[in-house]
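Right, one structure below, let's go through it.
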Amino acid sequence: MQFQQLQYFVAVAETRHFTRAAELVHVAQPSLSQQIRSLERELGADLFQRARGNITLTDAGEALLPLARRILADADTARQEVQELVQLRSGRVRLGATPSVCTGLLPGVLRDFHDRYPGIRLMIEESGSHDLVRELARGALDLALVVLPLPAPAPALTTVELLREDLVVVSSPDARRPGRGRSVRIADLEGERMVMFRHGYDLRELTVAACRAEGFEPDFAVEGGEMDAVLGFVRAGLGVAVVPDMVARSAGSDLRVTPLARPGLSRTIALAHRSDVAPPRAARELQRMLLGG
């Protein structure tokens, strides 16, 4: 009994027509009929009652049909399992992340993932949450680390909260400490020269909104930079910036880090993927590592 014969048998059983079954499995009708007859000879029983315009299953055919379907399903499962194992040796993962997450969270996790799966290519898209959501929706990314709440309703995405982190104020050690004492209020930033991220950065929108809630517009000394540029401008004494605590702590000792006074500011990082398409095996493995599994 050959696997191909079972495929042909199920196709005929489901279409009740030899010609349509042949079209379904992309084979010439005489070849399909020959394989069915060969299967019947091997089993020692007719599987179909053949009458002009009327193909029905015999008792033997009725008995074989659920078993054949199960064998074909098991073969598909086996094929998928093997393909997923192959993906862990030579696949790829397309991961999107906001620049601050790339700086603070990802390096350690990606190092561990690469050590475990050296054959997997990691393709990183660095952008703001709005752009990452759009790239996920059109299938250009497998996973994305985004800031909640999402910039627009995204019913086609599934998000899992990964971490919640505080924002802090960074300044040059040579400059005057912002605020008073060991913490700084948002209101204390009024009149401070600030280094501000480019448009589209979640941190820019969050900081500007917090300043406006306190009744003032932030004063930009420099604006339009990415994370590394912003930290460099702060080190040079051009102004202060509001950044994630994780980024500030990993930026080195040449920056002064001042926490925000309560209630402060924080942000929630989530891992997102499309709800209607399961991520590839390699992406699911990276997802598990990011979630601490």
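The values are calculated or read from the model by the stated rules, or taken from the named source; none is laboratory data. Everything numeric in this text was worked out from a predicted model, so none of it was measured. Reconstructed Cβ throughout: ideal geometry from the backbone, glycine too, with neighbour counts over all protein chains shown. When the accessible area is computed, the model is the full protein with side chains, heavy atoms only, and any ligands, DNA or RNA have been set aside. Shrake-Rupley method; radii C 1.70, N 1.55, O 1.52, S 1.80 Å.
Brief remarks follow.
- Portion, in percent, of the accessible area of the stretch 213-293 that falls on carbon or sulfur, probe 1.4 Å: 49 percent
- Put simply, when 282-289, 248-255, 49-56 are sorted by average Cβ atoms within 10 angstrom per residue, most first, you get 282-289, 248-255, 49-56.
- Seen against the Cα atoms of the chain and their longest principal axis, helix 59-90 is set at about 30 degrees.
- Relative contact order (%) - criterion: Cα under 8 Å, at least six apart; region: the chain: 21 percent
- Relative protection proxy for 173-185, 195-207, from highest mean packing down: 195-207, 173-185 (other beta-carbon atoms within 10 angstrom).
- Cα→Cβ-extended label distance, 7 Å offset, between H114 and E161, nm: 3.2 nm
- Between helix 281-290 and the chain: long-axis angle, C-alpha atoms, 0 to 90°, nearest 10: 30 degrees
- Solvent-accessible area per residue for the chain (1.4 angstrom probe, square angstrom): 53 Å²
- Cα-Cα pairs of the stretch 227-293 separated by more than 17 Å (percent): 59 percent
- Legend: calculated FRET efficiency, L122 to A209, from the Cβ-Cβ distance at R0 = 35 Å, rounded to 0.05, equals 0.60.
- Accessible surface of the stretch 18-84 [probe 1.4 Å, protein heavy atoms]: carbon and sulfur percent: 49 percent
- For the chain, the longest principal axis of the alpha carbon atoms and the long axis of helix 106-116 meet at an angle near 40°.
- For a modelled paramagnetic label at A78, 7 Å from Cα along Cα-to-Cβ, the residues of the stretch 28-71 in reach, with backbone nitrogen under 11 Å, are 71.
- Computed E for A187/V257 - FRET, C-beta separation, R0 22 angstrom, nearest 0.05: 0.70
- The stretch 95-158 - percent of accessible surface contributed by carbon and sulfur, probe 1.4 Å: 55 percent
- If you wrap the Cα atoms of the chain in a convex hull and average its projected area over all directions, you get 21.2 nm².
- Charge dipole (debye, nearest 20) of the stretch 1-134; +1 at Cβ of Lys and Arg, -1 at Cβ of Asp and Glu: 260 debye
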